[in-house]
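Below is one structure; the comments refer to it alone.
The values are calculated or read from the model by the stated rules, or taken from the named source; none is laboratory data. What you see is a predicted model, and the numbers here were worked out from it, not measured in a lab. As a convention, Cβ positions derive from the backbone with ideal geometry for all residues, glycine included, and neighbour counts pool all protein chains shown. Ligands, DNA and RNA are excluded from the accessible area calculation, which covers all protein heavy atoms including side chains. Shrake-Rupley method; radii C 1.70, N 1.55, O 1.52, S 1.80 Å.
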Amino acid sequence: MIKKIISFLGNVKLGIIYLILLAILSILGSTYIKQGETYITYYKEYGEIPAKIIWITWLNNVFHAWYYQLLIVLVAIAVIFATIERFPSIYRTAYGKVEKKMPEGVLKKPSTIKLSFNESIDETLKKIVSFIHNLGFRKVEVIKEENAVYLFAEKGKVSRLAMLVTHIGIIIFLIGAFLGSYFGVRGQIEIPEGEKADYIRKYREGSLKPGDEIYKLPFEIKVDKFWLEFYDSKEFSGAVKSYNSEIEILEDGKPVMKKVIKVNDPAEYKGYRIFQTSYGKTGEIKEASIVAVKYDELIKYIEESQILNQKLASESDEDKKREIEKQLRDLDRRVSEFFNKAKRINYNYNNNIYKFDDAIIQVVNTTLNYKNPMLAQQDVFDPLIVTKVKYKDKEFNMPIGADVTVSIFAYEKFVKPYGFPYLLIIENLQPRYFSGLQISFFPGTNLIWLGTIIVVLGTMLAFYIVHRRIWVKIEENNGVSNVYIAFYSQKFKESFEAKLKEEVEKLKITS
């Protein structure tokens, strides 16, 4: 009964059927049917009935489907029981008891080679030992009897373990594939520069689109720095060449690893692989240079400019126009000097409190475009920094913009009543980015690699090493040494027999 069960479970035909089904499902899932899409997507692409079939049969998530995992298990079972059923007899054939003296029945077989030498057994023995060595056998066993000498040599019996080694490799590979299919995790997280996270949003089953399910990581990832690299050539001027993140892995708040990751150059930690997959602007300001000018002095310059421009518009005399234009150019120079000599605040997102003269300025919020935040992703900026100011025992809010007209309006409404003399304007800025990271964890990856290596080793044992045996009997009769040679070759029998006969011819010539 047990033998029948083992024979059924180890049925090679069944195992091949399982493998074919696995191959078909793998091809469907990786080539023909998009994984992890919605029912509507399949309905639009394939029609109602195919969409229902895909949805009901889990073909939208084939690699995590129960029947896919079951097929992996069934293939493993078939391989295990096929090994149990077949390997013992193979092992006995190679490593069991071997008759090292040529049996009498072999002497009469047509394949047995017969030779005669007009010399003593001892002289013939030396030639035959050399002959066997020439065939690639290292160790030759000699059994001497009264009127005969028997020789036996064997090589390559380790090749009979090829099936066992290959099957072990397949089993390890399948265990790795099952672990990856059942326990594997892949997801995505966007981490703003300077911040950290200890979770990912898992991809929807079978797709590369994050869903709502959260997976907690056993460590934290901090993005210390993010930067873009651009092409230098005129043809691709301004195009992004590469985007990079300098990340830290933290455990219990302490850094344990640091690495710069790029596209196709991931970081690896405790079986988790961290890929750089995307980036984008957070909508906040990373760094900014803020110029601080005296409001009253700026207003004087503006009023002077307005007066001169009115004069220029109403003047008809060309000489007087040129004089006014000269005054305007001089005014532009003085305004430029005024801004160049003005004090500046260098804002950085890591610091939100700044001491400026007698004031303490606290940054509350920043935005790249306060009118339409979505335009910031297209590098259309209308920035605003919202601050809270402490000045001479007074507290008030102060918005800081980049447009001078808007900044003057905001100053007069929010700041001027408190007597703060400076108008703050954003001179230039750098946007803050987030780094999009894909994180995958497949506990069976190392087993898959190990299984693959073992399968390759088993294949090499099977194809590059051949189990062979040779038996020789030398008997002396009236001063003539009669030699009988028989052989066994597990495979490539014809080529070995041809080599054997070639060496026999050489032996005849030397005799």
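For the chain, the solvent-accessible area of protein heavy atoms averages 59 Å² per residue (probe radius 1.4 Å; ligands and nucleic acids excluded). Across the chain, Cα pairs under 8 Å and at least six residues apart give a relative contact order of 22 percent.
Sequentially through the stretch 47-60, phi angles give Karplus couplings (6.51, -1.76, 1.60; θ = phi - 60°) of x, 5, 5, x, 4, 5, 4, 4, 5, 5, 8, 6, 5, 6 Hz, Gly and Pro residues having no value and appearing as x.
Accessible-area rank, largest first, for 332, 357, 198: 332, 357, 198, with all protein chains present and a 1.4 angstrom probe.
Spin-label model, residue 319/residue 268: points 7 Å from Cα along the beta carbon direction are separated by 8.6 nm.
For the full complex of protein chains and a 1.4 angstrom probe, list 317, 393 by accessible area with the highest value first. Before the final figure, lay out each step's value.
Working: 317 65, 393 170 Å².
If we order 317, 393 from most to least accessible, we get 393, 317.
Mean sequence separation of contacting Cα pairs (under 8 Å, at least six apart), scaled by the length of the stretch 202-269, corresponds to a relative contact order of 24 percent. Each Lys or Arg adds one and each Asp or Glu subtracts one; over the other residues with Cβ under 15 Å from the Cβ of residue 144, this totals -3.
In this structure residue 471 has an accessible area near 40 Å², from a 1.4 Å probe over the protein heavy atoms.
Rounded to the nearest 10 square angstrom, residue 257 shows an accessible area of 50 square angstrom against a 1.4 Å probe. Solvent-accessible area assigned to carbon and sulfur over the chain amounts to 56 percent, based on a 1.4 Å probe. Legend: residues 321, 225, sorted from most to least accessible area (1.4 Å probe; ligands, DNA and RNA excluded), read 225, 321. Computed 3J(HN,Hα) for the stretch 269-286, one whole-Hz value per residue from the Karplus formula 6.51 cos²θ - 1.76 cosθ + 1.60 where θ = phi - 60°, is 8, 6, x, 8, 10, 10, 9, 8, 10, 7, 7, x, 8, 6, x, 9, 9, 7, glycine and proline marked x. Of the three principal axes defined by the Cα atoms of the chain, the extents in descending order read 144, 58, 49 Å.
In this structure the amide hydrogen of residue 199, modeled in the peptide plane, comes within under 5 Å of the amide hydrogens of 217, none closer than 5 places in sequence on its chain.
Would you mind checking the pairs 34/254; 52/241; 139/501; 234/321 and listing those with alpha carbons more than 32 angstrom apart?
Working: 34/254 41 Å; 52/241 43 Å; 139/501 21 Å; 234/321 44 Å.
Going by Cα-Cα distance, 34/254; 52/241; 234/321 fall outside the 32 Å limit.
Neighbours of residue 116, meaning other residues whose beta-carbon lies under 11 angstrom from its beta-carbon, give a summed charge of -1 when Lys and Arg score +1 and Asp and Glu score -1.
In the stretch 450-511, Cα pairs under 8 Å separated by at least six residues give a relative contact order of 24 percent.
A probe of 1.4 angstrom, applied to the heavy atoms of all protein chains, finds residue 251 with accessible area near 50 square angstrom.
The angle separating the long axis of helix 445-464 from the principal Cα axis of greatest extent in the chain is about 30 degrees. Taking the C-alpha atoms only, the angle from helix 295-314 to the longest principal axis of the chain is near 70 degrees.
Scanning residues 5 or more positions from residue 211 or on other chains, those with amide H under 5 Å from its amide H are 202, 203, 204, with H placed 1.01 Å from N in the peptide plane.
Across the stretch 17-24, rounded Karplus estimates of 3J(HN,Hα) from the backbone phi angles (6.51 cos²θ - 1.76 cosθ + 1.60, θ = phi - 60°) give 4, 4, 5, 4, 4, 4, 5, 4 Hz, Gly and Pro being marked x.
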